[in-house]
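Nothing in this text is a laboratory measurement; each read-out follows from the coordinates by a stated rule. Note that the structure is a prediction, hence the values are computed from the model and not measured. Cβ coordinates were reconstructed from backbone atoms using ideal geometry, including for glycine residues, and neighbour counts include every protein chain displayed.
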Amino acid sequence: MICQVFIKPFFTITEDDPVIEISDILQNRLNITQKEWITIKLGGEKLLVKSKTLSNPSEVDTIFLNQACYSRIDLPCVPLKLQAICDHDCLILGPIIAILTEIKMNKENIPLFPTIETFCKELHEISTQQGGLIFVSNISRFPKNGFIYNGSWQEQLVPKANILYNRIHSRQIERNPHFQFIKNKWEKDGINIFNASFLTKWKTQNILLKNKNFHTYLPMTTLLNTTDLKKWIHKYKDLYIKPDTGSQGRQIIHCYKKHNLYHIEQTSFSNTTNISYTSLDDVVSQIQTWIGTKTFIIQQTIPLVQIGNKKIDFRFLCHKKKQNIWSITSSVARISEEKHFVSNIAQGGTISRPEKILTTVFGKETAKQTYSLMSELALEIATFISSESEGLIGELGIDIGVDFQGKPWVIEVNSKPSKQSESDSLLIRPSAKAIYYYCTELWLERSKLNDKIRDIDNDTL
């Protein structure tokens, strides 16, 4: 049986050993055998503690730990609600969830991680309500130190985490051999890391091509080289050129032929957003100047639905619930600025309800069918990518476009979808709840297993 319990410290003068005080009622509820010594597991640490019965009837849902317990497992002295289960006479408390990201300290020594700070507060809030400990850390601090929210983010020693939610935004950091070395060490130490790395566009394309059911929904795509670029412009007349590791609509090039001129639009390379050429060689030369030696892909442009001169696509945020079962947490229609060729919010796009936009384009009945088909496709993609990728994947942002016949097309799959919020409201977003519940499910399943002998790259529980 799983119970929500409160953890509080008590102080002893004569006891140097770790001591736990727990009520008869809670022991019975958790099926803990009454013994002089019991084992507790909190996070990744196990501790043999002397057990004493708590007689105060008003504290039946509270577990008291003495200072020896706190110091040996680096438990912070803050009010805590955790979840508790008992397995083979071991009292398991958790989950302990670490969020790994980039952290900068300002002049007032306040930690800054602005792109996900609101989201981290939401995770803290739901863990406070449901039971669990959330802390934020970075590569130099983890696994010993982290920031816990207690009115403000305060750095302190932290318990060994059960689960590490990777929100590092730099692909360069992730590719660094030092990071790969310490990540492998953390995994061998039994820390479950999910969304351990970015998915590149080319890697995602090749994963999806393994499943013939997806072929009809994938635009023609290849890695960029000069020869193919010329051939593709001749063949398709309209292309997107995207960085293999790009995000938020940055460094995207739209190249198309119209009225015997070659036109280039781009989002990040220069202040001139639209350039025209009469020579294809000049087009290729300009694109090569922009991209240098970086890896880009070429993708056939699909004529997707739009309203007026505003382009539209749809973001489906998917989360794993347990085992390999995925659900759609939220979905939005993304609408570009007037005459802009990307719809990303970071590039000035806005959002609306998918059903509303689809109804405007197709009418109510077709809109309903189209949305249902997109939803089904998003879930199938999430399930397949999760099963075909190394390590644990618990969250995916899947971008889908729709052509004028109502057929969906897969635009992109993002393993670290944006968490920025323009609101400081304490309202907990569905995505924060989904992450918390996935971490809890992961903790419940794996806390009963010997993680040190488990294949950590196996995504099947």
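Just a few scattered comments:
- Evaluated over the stretch 3-94, the Cα radius of gyration and Dmax, each in Å: 11.8, 31
- Helix runs (DSSP H) in the chain reaching 18 Å along axis by Cα, Kyte-Doolittle at least -0.5: 364-388, 430-446
- Projecting label points 7 angstrom from Cα along Cα→Cβ for residue 107 and residue 3 puts them 5.2 nm apart.
- For the peptides 393-400, 291-298, 165-172, residues were scored by their other Cβ atoms within 10 Å and the scores averaged per peptide; the highest-first order is 393-400, 165-172, 291-298.
- Separation in nanometres of the label points that stand 7 Å from Cα toward Cβ, at residue 291 and residue 87: 4.8 nm
- Near-label residues of the stretch 389-415 by backbone N, under 16 Å of a point 7 Å along Cα→Cβ of residue 169: 415
- Share, in percent, of DSSP beta bridges within the chain that are antiparallel, nearest 5: 75 percent
- Percent antiparallel among DSSP beta bridges (both partners in the stretch 84-170, rounded to 5): 55 percent
- Extension gain, residue 10 to residue 325, is 109.2 nm, computed as 0.36 nm per intervening residue step minus the present C-alpha separation.
- The label-point distance for residue 403 and residue 56, in a model that sets each label 7 Å from Cα toward Cβ, rounds to 6.9 nm.
- Rounded to the nearest 500, the helix-only mean residue ellipticity at 222 nm of the chain stands at -8500 deg cm²/dmol, with each DSSP H run of n ≥ 4 adding -39,500 (n - 2.57).
- Mean Cβ count within 10 Å, highest first, over the residues of peptides 200-213, 134-147, 65-78: 134-147, 65-78, 200-213
- The mean sequence separation of alpha-carbon pairs under 8 Å and at least six residues apart, normalised by the residue count of the chain, gives a relative contact order of 13 percent.
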